[in-house]
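Mind having a look at this structure? Questions to follow.
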Amino acid sequence: MNPLTDLAFVYAALKVRSDVRTGTPFQSGSSEAYAQRARRMAEQIYGMAPAAQAQILRILRLKSATVPWSAIHPSWLGALLQNWPAPWRLWTLESLPPNLRGRLQKMFPPPETPVIIYGSVPSWWGPWLSMYVKARLDYPDLPPWEKASFVEQLPGSLWEADDRDVIVILRFYGTWGLVNCLRKLPRSEAQALIWRLPVDLQGVAMELAQARKWSDDPFWPTIYAELSESQASLEAVLIWMGLADWIRAGLQEEQEILLRRLAYRLPRNLGEWLLRQMRDRPPWSALPVQPDPAHWRQQLAELIQTLSQQGRIHLPTDAKRTTP
């Protein structure tokens with residue numbers, strides 16, 4: 001499902017006066033609302049003056065050929081570049097934003113002998129690199145027909161946040177999930193588990209438990225039992241637990257495109273796991289979000305706001321404007 005491809009299909013069908021109600025590529029596995037939005041925007045473009053049509057289509061083509069470099073974790077790019085010749089790697093680094101370039105350079109040891117490159121980076125390298133990375137990662141385009149607020153699209157909209165901030169949010173969010181599991185354990189066992197937490201999370205867990213800020217959502221004990229068997233570190237369990245709940249909520253809110261973007265925002269091991277869960281749809285992903293999606297988003301938004309006020313994270317501009 002690629003929004004720009006789907007939009008182009010409907011627009012092309014309108015140009016040749018074909019019936020676009022059947023046989024469109026997005027009807028399999030996508031909601032009718034999604035299909036209607038694509039049709040509606042294609043019809044709007046088709047109804048514009050030729051000059052306006054050309055301008056809109058040019059902008060959409062540029063979007064389809066570019067990758068938001070700042071929203072891709074360097075570990076994904078490192079895996080693509082690791083076997084490239086040194087000149088190609090240097091051309092790539094020169095084409096990337098400075099922050100991403102600096103983080104990516106640390107992933108590769110310096111060459112044993114100096115690399116001499118004659119001339120400048122070819123003019124075609126940047127566009128080619130963008131299209132190559134987008135194709136290899138199957139990086140999804142955003143739907144061009146809407147722009148919802150940061151809060152309305154949680155958890156998927158977290159692809160816009162800095163990847164280090166996303167991990168901070170996951171740690172604290174997963175701690176809340178862990179407290180939902182502890183309440184059914186004997187007090188001594190629950191206390192022992194809290195002491196295994198990193199120091200900065202122990203107080204958070206105890207505060208949540210004392211304030212009885214928990215729920216009866218069966219998701220948390222289920223995912224904790226599954227992940228605690230495969231993760232040696234309790235801190236790692238927290239991160240994976242939080243991410244699992246985001247996957248559950250995002251899938252039930254039909255945020256597949258945003259979740260895919262979020263996968264590439266995360267370190268590669270977490271992102272690949274997210275993509276696998278989207279593909280396999282484990283039983284826990286179908287457990288209803290409690291108490292309901294709106295309250296679920298509100299709880300996550302409040303946590304994000306608290307972490308921002310404490311200076312632990314830095315929200316995207318749109319999140320600052322829309323988070324309560």
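Quick one: what pairs do we get from the stretch 109-133, first residue surrounded by fewer than 11 Cβ atoms within 10 Å (Cβ to Cβ), second modelled with pLDDT of 65 or more, C-beta under 8 Å, 6+ apart or different chains?
Note: pairs meeting the criteria are PRO111/ALA86; PRO122/TRP91.
If only one of SER149, SER120, SER70 is under 30 Å from VAL10 (Cα atoms) and either assigned to a loop (DSSP other than H, G, I, E, B) or under 19 Å from the mean Cα position of the chain (by Cα) (or both), which one is it?
SER149
Determine, yes or no, whether SER75 is touching a residue at least 12 places away in the same chain (Cβ under 8 Å), in contact with a helix residue (DSSP H, G or I) (Cβ under 8 Å, 6 or more places away or on another chain), surrounded by fewer than 15 Cβ atoms within 10 Å (Cβ to Cβ) and among the polar types (S, T, N, Q).
Taking the combined requirement at face value, the residue does not satisfy it.
Of (1) modelled with pLDDT of 95 or more; (2) part of a loop (DSSP other than H, G, I, E, B), GLU272 satisfies all except one. Which?
(2)
Further question on the same structure: Does the stretch 165-181 include one or more residues that are of a type in the set (D, E, K, R), out of contact with any strand residue (DSSP E or B) (no Cβ under 6 Å at 6 or more places or on another chain) and surrounded by fewer than 17 Cβ atoms within 10 Å (Cβ to Cβ)?
So far as the stretch 165-181 goes, no, none of its residues is of a type in the set (D, E, K, R), out of contact with any strand residue (DSSP E or B) (no Cβ under 6 Å at 6 or more places or on another chain) and surrounded by fewer than 17 Cβ atoms within 10 Å (Cβ to Cβ).
Conditions first: (1) assigned to a helix (DSSP H, G or I); (2) under 30 Å from PRO3 (Cα atoms). ILE223 passes all but one, so which condition is the exception?
So the condition that ILE223 fails would be (2).
Residue-by-condition table, conditions (1) among the charged types (D, E, K, R); (2) crowded, with 17+ Cβ neighbours inside 10 Å:
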{"residue": "TYR224", "(1), (2)": "no, yes"}
{"residue": "SER230", "(1), (2)": "no, no"}
{"residue": "LEU238", "(1), (2)": "no, yes"}
{"residue": "ASP245", "(1), (2)": "yes, yes"}
{"residue": "GLY250", "(1), (2)": "no, yes"}
{"residue": "GLN255", "(1), (2)": "no, yes"}
{"residue": "ALA286", "(1), (2)": "no, no"}
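Among the residues of the stretch 209-264, count how many are hydroxyl-bearing (Ser, Thr, Tyr) and touching a residue at least 12 places away in the same chain (Cβ under 8 Å).
Here is the first cut: in the stretch 209-264, the ones hydroxyl-bearing (Ser, Thr, Tyr) are 215, 222, 224, 228, 230, 233, 264.
After this cut, where a residue has to be touching a residue at least 12 places away in the same chain (Cβ under 8 Å) as well, the list is 215, 222, 224, 264.
The total comes to 4.
Looking at (1) without any contact (Cβ under 8 Å) to a residue 60 or more places away in the chain; (2) over 19 Å from the mean Cα position of the chain (by Cα); (3) in a helix (DSSP H, G or I), which is the one condition that is false for LYS184?
It fails just one condition, (3).
In the list LEU197, LEU178, LEU170, LEU142, which residue meets the criterion of being assigned by TED's automatic domain parsing to the domain that holds GLU272, assigned to a loop (DSSP other than H, G, I, E, B) and of a type in the set (A, V, I, L, M)?
LEU197
Taking LEU100 as meeting all but one of (1) part of a loop (DSSP other than H, G, I, E, B); (2) over 30 Å from TYR224 (Cβ atoms); (3) touching a residue at least 12 places away in the same chain (Cβ under 8 Å), write down the number of the exception.
The number of the failed condition is (1).
I need the full set of residues from the stretch 306-323 which are in a loop (DSSP other than H, G, I, E, B), β-branched (Val, Ile, Thr) and modelled with pLDDT under 90, in order please.
THR323
Now for a different question. Considering each of ALA294, ALA301, ALA263, ALA249 in turn, give the residue that is closer than 25 Å to HIS73 by Cβ, at pLDDT below 95 and either part of a helix (DSSP H, G or I) or of a type outside the set (Ser, Thr, Tyr) (or both).
After applying the criteria, what remains is ALA301.
Find the residue count for the stretch 155-181, including only residues that are over 20 Å from the mean Cα position of the chain (by Cα) and polar (S, T, N, Q).
Of the residues in the stretch 155-181, 2 are over 20 Å from the mean Cα position of the chain (by Cα) and polar (S, T, N, Q).
Check off (1) part of a helix (DSSP H, G or I); (2) out of contact with any helix residue (DSSP H, G or I) (no Cβ under 9 Å at 6 or more places or on another chain); (3) modelled with pLDDT under 85 for ALA51 and give me the number that stays unchecked.
With respect to (1) part of a helix (DSSP H, G or I); (2) out of contact with any helix residue (DSSP H, G or I) (no Cβ under 9 Å at 6 or more places or on another chain); (3) modelled with pLDDT under 85, ALA51 is out only on (3).
The values are calculated or read from the model by the stated rules, or taken from the named source; none is laboratory data. Being a predicted model, the structure only gives us computed values, none of them experimental. Note that each Cβ is placed from the backbone with ideal geometry, even for glycine, and that neighbours are counted across all protein chains shown.
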